[in-house]
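Beneath this line is the structure, given in structure tokens, with notes to follow.
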């Protein structure tokens with residue numbers, strides 16, 4: 001299982017100040033995404049996940065300069081989420097240096113836009129969704145009834161999506177639900193949110209998910225990245 005560090009970018013800066021030597025009182029804290037990325041790649045990160053916080057609020061990319069700064073400093077895939085609503089947004093993300101993109105599940109209610117985004121990104125496109133039944137039911141679908149999780153994943157796969165980012169906010173992911181999802185569907189499942197310690201990392205590994213995205217828990221020091229890599233192996 002990949003452990004994928006996430007950096008939430010707002011107004012060009014990381015929303016969480018990163019100080020890898022805080023426990024020992026060494027080094028310097030930073031909120032520069034490119035500097036954080038360099039440290040994490042140096043510690044073994046094989047993929048980075050960037051969240052354009054302003055873009056998500058505006059429904060259009062807003063921190064592409066920060067994406068470019070990260071891309072210029074590290075040589076690993078960059079997965080960008082937030083504010084990517086149109087094919088041209090995906091093109092702009094790739095031009096800035098992203099190599100993977102994550103769209104909102106709302107794109108399913110705009111099949112032509114999804115088709116065009118897939119034409120641009122292909123297998124490097126993922127769709128983000130909250131797999132919790134209550135969240136799926138509460139989502140403002142443009143259809144007579146909300147889909148079940150299985151129906152939703154089958155629909156995404158049928159349309160050509162092969163990577164899912166399963167966001168949980170601050171809620172703890174359900175290993176049983178994830179394990180069932182992995183067994184039933186031929187997709188790459190990435191889990192984001194709700195994992196706050198190494199035991200949580202191990203539970204995600206044992207559930208069989210392909211990747212675990214760690215943001216604040218990692219940058220704040222609650223989870224040590226090298227140890228998380230060991231727990232995921």
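Descriptive notes on the structure:
- Counting the residues of the stretch 199-233 that are surrounded by 16 or more Cβ atoms within 10 Å (Cβ to Cβ), under 11 Å from residue 3 (Cβ atoms) and over 16 Å from the mean Cα position of the chain (by Cα) gives 7.
- When residue 229 is tested against (1) in a loop (DSSP other than H, G, I, E, B); (2) modelled with pLDDT of 95 or more; (3) closer than 25 Å to residue 21 by Cβ, just one condition goes unmet, and that condition is (1).
- In the stretch 38-79, the residues that are under 21 Å from residue 105 (Cα atoms) and touching a residue at least 60 places away in the same chain (Cβ under 8 Å): 49, 51, 79
- Residue in the stretch 1-10 that is more than 20 Å from residue 192 (Cβ to Cβ) and more than 14 Å from the chain's Cα centre (by Cα) present: no
- Selection count, the stretch 68-88, where residues are buried (at least 24 other Cβ atoms within 10 Å of the Cβ) and over 14 Å from the mean Cα position of the chain (by Cα): 1
- Taken as a whole, the condition of being under 25 Å from residue 120 (Cα atoms) and in a strand (DSSP E or B) does not apply to residue 84.
- Restricting the stretch 20-32 to residues that are surrounded by fewer than 17 Cβ atoms within 10 Å (Cβ to Cβ) and at negative phi, the residue that is nearest to the chain's Cα centre (by Cα) is 29.
- Taken together, the residues in the stretch 87-113 that are in a helix (DSSP H, G or I) and touching a strand residue (DSSP E or B) at 6+ places or on another chain (Cβ under 7 Å) amount to 4.
- Of all the residues in the stretch 33-50, those that are surrounded by fewer than 24 Cβ atoms within 10 Å (Cβ to Cβ) and not in a helix (DSSP H, G or I) number 5.
- Number of the exception - residue 98 against (1) surrounded by fewer than 21 Cβ atoms within 10 Å (Cβ to Cβ); (2) under 17 Å from residue 123 (Cα atoms): (1)
- Within the stretch 114-128, the residues that satisfy the criterion of being out of contact with any helix residue (DSSP H, G or I) (no Cβ under 6 Å at 6 or more places or on another chain) and either in a helix (DSSP H, G or I) or more than 20 Å from residue 100 (Cβ to Cβ) (or both) are 115, 118, 119, 122, 123, 124.
- Checking residue 131 against (1) surrounded by fewer than 19 Cβ atoms within 10 Å (Cβ to Cβ); (2) part of a loop (DSSP other than H, G, I, E, B); (3) at pLDDT below 95; (4) in contact with a helix residue (DSSP H, G or I) (Cβ under 9 Å, 6 or more places away or on another chain), the condition it does not meet: (1)
The values are calculated or read from the model by the stated rules, or taken from the named source; none is laboratory data. Because the structure is predicted, anything quoted here is derived from the model rather than measured. Because the Cβ atoms are built from the backbone with ideal geometry, glycine has one as well, and the counts that use them run over all protein chains shown.
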